Every structure is written in structure tokens, then in C-alpha cells.
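Quick notes on the structure that follows.
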Amino acid sequence: GQVSINDVLLSAIGSCGIDTVYLDRDQFNCADVGQVWINLTAVSINGAVSTDSVEISVVDGIAPVIITQPATLYLDDAGIASLSVAQGDDGSSDACGLDTLYLNEELFDCSTIGSFTVVLTGVDVNGNTARANAPVNVLDTVSPDLTVQDITIYLANSGSSSISATDVVTSSSDNCVNTFASLSQSNFNCNHVGTNTVVAVISDASGNTASASLTVTV
């Protein structure tokens, strides 16, 4: 910031004329924000000197520059992911310095899988504020857990029998709960008398899968 004589001088009158008028300071920076007193001096053509003081109001009216970057978050085993300011910020700055940067949303869970936009807000040391959007992609890459058991089945009079996933899956879990189980084979007939290897597969809503082999004795 700079001030000139014309900004502060109302008049300078000398009986024989004014030779020069000058300020003892005309440059200001962020450290001067607030009220600053400077001296205005007039010198007549005969060397007479007169000085007066003037108050300068130094104002920082420049908003921060907020620069964001895309972030990818991965849900943990508890189905939670957090976004930090550092992940969303890409070099935000301010002429006089940033006081704080904050996000309008930092925690994500299984209900927020997908693409979202958050807002990064910056406030500088003099209270100026600016905002910018930051894209966030929330992913679930955690595979479910699956436990199975072997089973013995008996053919019906028709010579066939079937099993379902609930017959052999003893437990399953996932960080986002919603899972679907399927079997590589569920129908058996006389050709399957004996032992048969079946694969149970469990998948979650994000396409993560887990599998386990079991024996079906017919």
C-alpha cells in the first residue's frame, strides 16, 4: 500500500511560497494494518519548516486465494474415512497470511460412497474470507470376511436335492454390512453322490468379494 502527498495534504501556504512538501513515510505493508501516524513536512523557499501529523488507516481488503485439489478416500475396516485440510488444499495463500483453513465436511462413511464436493474455506489474519470447491471420491475397497462349513445332504425320492448359502455360510461380515452370498453349485443329483467341492462367494455393495471352499457330501 502506498500513500501520496495529494492523499493527505489539504493546503500548504508560505508567505513567500512553498519550496517542497514531503512525507516521512509513504509505503505500508501487512504489519501496519490499523491506524498509523506519519509526518507531513512543508519547507518554504526561504527554508522555514512546518510539520503536521496525519493518521493513516491501513486496511487489508484482499481475500485469500484458495486453491484445491481432488482427494480420494478409502473407507477403513470400520467403514469410516476422514479428509484433512492438507488433502484438499493445493497451496492456498494470502497477501498478509492465512489464519485458518477449514472444510465444511471431514468425515465420510458407507452412506457417502461415491463422488462429492466439499468446500474449503480460508480466513486470513485480517478476517477476509474466500472459498473454493474440492472434489472428493470415497471408495470402499475392504473385502468381506466369510466362514463356511461342510455339509451332508440326502437326495430326495426324485433323485435331486439342493442347498442354499444359508446352509453353509456360518458367518460373514463387512465394513459396510450389506453383503450377498452365492454358491458355485447349489443343485445336486445322482451324478454327484459322494463328495463335491463347492465355492461360496460373498460380495458387498462396492463389488468387493471373498470366497471359501467347502465340501458337500451327497
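The values are calculated or read from the model by the stated rules, or taken from the named source; none is laboratory data. Bear in mind that the values here come from a model prediction, so they are computed numbers and not experimental data. Positions of Cβ are backbone-derived with ideal geometry, glycine not excepted, and every protein chain shown enters the neighbour counts. Side chains included, ligands, DNA and RNA excluded: accessible areas come from the protein's heavy atoms. Shrake-Rupley method; radii C 1.70, N 1.55, O 1.52, S 1.80 Å.
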May I ask you to derive the FRET efficiency for residue 112 and residue 22 from their Cβ-Cβ distance with R0 = 41 Å, giving the value to the nearest 0.05?
0.05
Can you give the extra length, in nm with one decimal, that the chain gains between residue 156 and residue 96 once fully stretched, where that is 0.36 nm per residue apart less the Cα-Cα distance?
13.2 nm
Accessible area expressed per residue, region 107-158, with surrounding protein chains retained (probe 1.4 Å, Å²):
55 Å²
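Please state the relative contact order of the chain as a whole percent: Cα pairs under 8 Å, 6+ residues apart?
On the way: 475 pairs, mean separation 31.5, N = 218.
About 14 percent, as a whole number.
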What residues from region 155-173 fall in the zone where the backbone N is under 12 Å from a label point 7 Å along the Cα-to-C-beta line of residue 189?
158-161
Roughly speaking, what is the centre-to-centre gap between region 79-153 and region 1-46 when only Cα atoms are used, to the nearest Å?
52 Å
Kirkwood-type radius of region 109-218, with distances r between different C-alpha atoms, in Å:
17.4 Å
At 1.4 Å probe size, with the rest of the protein present, what percent of the exposed accessible area of region 1-68 is carbon and sulfur atoms?
50 percent
